[in-house]
1. When the Kirkwood hydrodynamic radius is evaluated over all pairs of different C-alpha atoms of the chain, what value in angstrom, to one decimal, is obtained?
2. Taking the 0 to 90 degree range and rounding to the nearest ten, how far is the long axis of helix 29-58 tilted relative to the main principal axis of the chain, both from C-alpha atoms?
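Derivation of every value follows stated rules applied to the coordinates shown; laboratory data play no part. Being a predicted model, the structure only gives us computed values, none of them experimental.
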């Protein structure tokens, strides 16, 4: 699935951005936190989407039936 590949690339890019922020010694800790928070929120959404897509890829729904994503999720 192309979607899975794109999400993996986006997750990798987010990891690089977070690492760059952490490595930037000119930023105060609270500034690092402020910059990383939206990136980490994006990462969480993308990770859940990736998990859902992988589930659907491995367990395709039958025609005219709900996909069952909510049953497999382990929400925190």
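1. One decimal place: 14.4 Å for the Kirkwood radius.
2. 20
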